[in-house]
């Protein structure tokens, strides 16, 4: 193994560790991807996670400068095909290997900047934020899953966006308390007036998420074998979390963060596997 190969391997391992430390649910799903695509998905997650941490955690820092520097370093690393930041080096390998469009990355970073400048959203800015923070991640993954097959990428792109949007909106609903009380942010336009989730606005939000899930599952059925089971497992996890949120009163959601324990996550695996193998996606 050459020093170049060792460095590349270390960068990939750091992205993997980052994913496993930050997200048990996504890590669980990635375990069911084909081994050859796992490093690329870890690379995407590591990049997204670090950008998110800049705007969500380090409030004592100059976040505007940090995210701009991060953007410049990202684009430079893609152009150079190298970075001394292992997370960015891992990500640039994914981007260059799978020919992921730069516009997707710029849209993602634009949404990250919105978290610094914007506390509430209109319908338009909300849709733009969802596109950049979630839908483009789904598209990036499709580029990895489809391994350059442009016809398959185009066929799956819309449903990947819807699935990414559904996951993000479920997270927004679950994290309402932390986002509003901890960071002063409200993502859902429905909450702009009263700054409080009530059962009427909750029903509207749930309907929107349900529609996204219904569109997203259509694409999961058509995914390649290298990724279908892993994505379906993530879908099932978010569905379980969403169902729990639907059964919870709006006031309670504003007071505490609901979660699915690790035992419940793992318990989803056998039935998910059976449904995927028999084509009974629900």
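Here, each number is a calculation from the coordinates, and none is a lab measurement. Predicted model, so just to flag it, every value in this text is computed and none were measured. In this analysis, Cβ positions are derived from the backbone assuming ideal geometry, glycine residues included, and neighbour counts consider all displayed protein chains.
Computed values, structure above
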item	result
Count of segment 93-106 residues which are surrounded by 16 or more Cβ atoms within 10 Å (Cβ to Cβ) and closer than 19 Å to residue 66 by Cβ	1
Residue in segment 140-154 that is crowded, with 20+ Cβ neighbours inside 10 Å and within 26 Å of residue 66 (Cα to Cα) present	yes
Test result for residue 111, under 19 Å from residue 26 (Cβ atoms) and touching a helix residue (DSSP H, G or I) at 6+ places or on another chain (Cβ under 9 Å)	yes
Whichever residue in segment 1-38 is under 14 Å from residue 91 (Cα atoms), part of a helix (DSSP H, G or I) and touching a residue at least 40 places away in the same chain (Cβ under 8 Å) and, among such residues, is farthest from the chain's Cα centre (by Cα)	7
One residue from 153, 142, 137 being in contact with a helix residue (DSSP H, G or I) (Cβ under 9 Å, 6 or more places away or on another chain) and touching a residue at least 60 places away in the same chain (Cβ under 8 Å)	137
Helices (runs of 4 or more DSSP H) within segment 180-282 that include 2 or more residues crowded, with 20+ Cβ neighbours inside 10 Å, touching a helix residue (DSSP H, G or I) at 6+ places or on another chain (Cβ under 8 Å) and in contact (Cβ under 8 Å) with a residue 40 or more places away in the chain	199-220, 228-246, 262-278
Count of segment 74-109 residues which are in contact (Cβ under 8 Å) with a residue 60 or more places away in the chain and under 20 Å from residue 36 (Cβ atoms)	4
Residue match in segment 43-54 (condition: touching a helix residue (DSSP H, G or I) at 6+ places or on another chain (Cβ under 6 Å), surrounded by fewer than 16 Cβ atoms within 10 Å (Cβ to Cβ) and in contact (Cβ under 8 Å) with a residue 24 or more places away in the chain)	no
